[in-house]
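> Below is the structure I would like to discuss, written out as structure tokens.
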Amino acid sequence: MKNTLMTAIAVLTFLACSSSEGEAEVSFSSLGSDDYPQMFYMEYVPCQEGVYYTAENFRNNVLPEWQDLLVEVNSPLVSAYGIQRVQRITSDEEDGFWQLIWNSKAEAENAWEVWNSNENATSWEEDTADILSCDGEKKYSFDAYIARSNDSLGEFNPENFVSEYHQCLYQDGKEGKDLREIINQLEAFLEEAKSLPGPFSYVVLGPDYEDDEVDFFWGNFYQSEEARLAFDTEWQKLNPQVEDNWNSVTDCQEPRYYNSGLVPRS
């Protein structure tokens, strides 16, 4: 699990947050359902940077109107993050993703229907395409599960952090219940391993689409590359049984690394 669960990168100022003006920040305890212990719906919309893309142009010319549009359409969006590839490979069709978090698939589908029928939203997409262009028709959707708060092992700042994602298949004969057992072991391990530096959190993504090359994605989140390296150093000193058990259940590709960040709503 050292290589299959733990690693990451640097930072970003990319995308945004929240659904309605003046709404309080959503906490871990109020996000999604009470399953696993919490389940929600997550979408990754592929984006390409235009010829006029800069962080400043995004903040000044893309973000404010998008925030206004969320209020206009009364969006139930819980929050959104920007994730930007640290290094692209030739097969990549996007520079990064607009990551949307919803409390349910039903809310997401209804919100997209309202958004796509709104003329102002369409105009905004057209007017800002030379800065950032995102394709909602090609989004990747998931049932997402979290087992611990972002503030576990230390206070987490969502404005800029590092993330990694692993594309995984189950080993022969293994399935979701086996992964659940491994996660329970991991949680017990993290509770006992007081020497691990943090903050550290993770998400498990079950695809809401058919793909023979993936059973689930695993995402890890660290505050910085330095924090990731410190975590990994301590991880290697600890009991290897958790990693061995993980490898007996899953077969994951090498991780992809992203600069990630939550942009304030106003």
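> From the phi of every residue in the range 117-123, what ³J(HN,Hα) in whole Hz does the Karplus formula 6.51 cos²θ - 1.76 cosθ + 1.60 yield, where θ is phi - 60° and glycine or proline is x?
9, 8, 5, 5, 5, 4, 5
> Let me ask another. Once you place label points 7 Å from the Cα toward the Cβ at Asn239 and Asp208, how far apart are they in nm?
3.7 nm
> List the residues, sorted by chain then number, that are 5 or more residues from Phe216 or on another chain and whose placed amide H is less than 5 Å from its amide H.
Result for Phe216 returns Cys168.
> Given the Cα-Cα distance of Asn157 and Trp124 and 0.36 nm per residue of separation, how much length would full extension add, in nm? Each step should come with its number before you reach the end.
On the way: separation 33, 0.36 × 33 = 11.88 nm, distance 2.95 nm.
Stretched fully, the Asn157-Trp124 segment lengthens by 8.9 nm.
> Just rank Lys174, Lys237, fewest to most, by other beta-carbon atoms within 10 angstrom. Show your work: numbers first, answer last.
On the way: Lys174 17, Lys237 10.
Lowest to highest Cβ neighbour count: Lys237, Lys174.
> Now, a different point. Skipping prolines and chain starts, which residues have an amide H placed within reach, meaning under 5 Å, of the one on Met39, given they are 5 or more residues away or on another chain?
The answer is Ser33, Asp34.
> Could you list the chymotrypsin sites (Phe, Trp or Tyr not before Pro) in the range 123-231 that lie in coil according to DSSP, counting only those with at most 13 other Cβ atoms within 10 Å of their Cβ? Can you show the working numbers first?
Numbers: sites: Trp124, Tyr140, Phe142, Tyr145, Phe156, Phe161, Tyr165, Tyr170, Phe189, Phe200, Tyr202, Tyr209, Phe216, Phe217, Trp218, Phe221, Tyr222, Phe231; in loops: Phe156, Tyr209.
Here the chymotrypsin sites (Phe, Trp or Tyr not before Pro) that fit, given the DSSP loop and packing criteria, are Tyr209.
> Given H placed 1.01 Å from N in the peptide plane, which residues other than close sequence neighbours of Asp95 have an amide H under 5 Å from its amide H?
Those lying under 5 Å, H to H, from Asp95 are Cys47, Gln48, Glu49.
> Just in the range 38-130: which GluC sites (Glu not before Pro) are loop by DSSP and have at most 13 other Cβ atoms within 10 Å? Numbers along the way, then the final one.
Numbers: sites: Glu43, Glu49, Glu56, Glu65, Glu72, Glu93, Glu94, Glu107, Glu109, Glu113, Glu119, Glu125, Glu126; in loops: Glu93, Glu94.
For GluC sites (Glu not before Pro) across the range 38-130 that sit outside H, G, I, E and B with at most 13 neighbouring Cβ atoms in 10 Å, the list reads Glu93.
Read the figures in this text as sums done on the coordinates, not as results from a lab. Here the structure is a predicted model, which means the values were calculated and not measured. With ideal geometry, Cβ positions are generated from the backbone for all residues, glycine too; neighbour counts draw on all protein chains shown.
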